[in-house]
Amino acid sequence: MLAAGGAAAFYAPRALGQQAARVVVVGGGFAGASCARALKRLNRDLAVTLIEPSERFIACPFSNTVIAGLRDLEGQQFGYDGLKRVGIEVVPQAAVTVDAHARRVTVADGTTFDYERLVMAPGIELRLDAIPGYDEAAAEAMPHAWKAGTQTLTLRRQLASMEDGGVVVMSVPASPYRCPPGPYERASLIAHYLKTHKPRSKLIVLDAKDRFSKQGLFEAAWQALYPGLLEWVSLSFGGQVTAVEPADMTLVTDFARHRSDVANVIPPQRAGAIAAAAGVADQTGWCPIDPVTFESRLQPGIHVIGDAAIAGAMPKSAFAADSQAKVCAAAVAGLLRGEAPRAQKLVNTCYSLVGPDYGISVAGVYHPRDGLLAEVEGAGGVSPADAPPSFRAEEARYAEAWFHTITSAVFG
């Protein structure tokens, strides 16, 4: 691949009066939509095209509250009119091929879009074939709900129709996957639903890991709020699911068979399929990038942000995606002007709800180091372990405020 300096030299600044540079963005989630908006803000003369097949984006943050019956799915949906108003061309098509040599994207109806820089934010693809017995049909009986939308509502309906005294079983994959604390927030809110509506029921969480994000805070909250209702089974104690049997709603591990009334199977993941088609995903299924510019290490002229990127210590979260989008946009705008990119710091905060009025968080600051994004030591932290209920309630309000702020800024 070309080094950043070589790419900058090859794509020299345009002379006055030349046609505006074109940047194509694939994927209209938090990363892609935020990057498109930031590019237009940095240089209103850029021709920015956002390619996204869905007319409305359904946000994953706060979708666990939908599953628990605390929020309606309508509150998770956002359109693209705000991006159109600032001059971004929004193409409601799926990108199907990327010709990195010709610098061209082709969408489902055959239309092509040439670019000088391409930003890819394809999100994740669920590896439905990674667990024996799990496929698209099985996902209807044992929903993953890891892409917000119909699956979210399927899991919500299954919980609502389960009789009191039923057993809910969740499976959590090994890292990496979208939103490291997400499964544990989901477990917490399902436990809240059961405690409130079906108190004789039980939730078992089968985990392919021994450690997870904000573990101490989650476990302390579970003990305080849901004693005897929520059981977490770690990898060392047989938590890794090795197969599923949808016909009788059973999850199989090396140690046991877990029969469920409701099963939430979260499979392993990889970058969205278009990443492999574009040649920016490696053998891991994720996309290696330069941590300064987010340019692909496999294809020059293509940048990858959000969940699909291998971002070192930085987690796959909406907050991180938005932070990466802004840094990437600045790098792309600079490269198009022939400027050498500058390293910047990125931030992330992950809020999790353990109950409607019980929030916890983890924050971090990251910078490029040794070719990766590394955590800045001492710059982040987690919620205090001994915080009073008023503090937990305040963090829950912060989480809601953050969600409103980011969705308004990206899609408003």
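At 0.36 nm per residue, minus the direct Cα-Cα distance, what do Q215 and A385 gain on full extension? Give it in nm, one decimal, please.
60.1 nm
Given a Förster distance of 35 Å, report the FRET efficiency between S408 and R342 from their Cβ-Cβ distance, rounded to the nearest 0.05.
0.75
Compute the separation of the alpha-carbon centres of region 63-100 and region 304-372 and state it in Å as a whole number.
20 Å
Using a basic spin-label model with each label point 7 Å from the Cα along Cα→Cβ, how many nm lie between S54 and A174?
If labels sit at S54 and A174, their model points lie 2.9 nm apart.
In region 105-258, if the dipole is taken from +1 on Lys/Arg beta carbons and -1 on Asp/Glu beta carbons about the Cα centre, which of V241, L194, A174 is farthest to the positive end?
L194
For the pair R257/E140, report the inter-label distance in nm, with labels modelled 7 Å from Cα in the Cβ direction.
Result: 2.5 nm between the two label points.
Setting aside same-chain residues fewer than 8 positions from K316, which lysines have a Cα under 23 Å from its Cα?
K147, K209, K214, K326, K345
Counting Lys and Arg as +1 and Asp and Glu as -1, each charge on the Cβ, what is the dipole of the chain about the Cα centre in debye, to the nearest 20?
Using Cβ point charges on Lys, Arg, Asp and Glu, the chain gives about 880 debye.
Throughout, read-outs are computed from the coordinates displayed, never taken from laboratory work. Everything quoted here is computed from the prediction, not taken from an experiment. Here the Cβ is made from the backbone with ideal geometry for all residues, glycine too, and neighbour counts use every protein chain on show.
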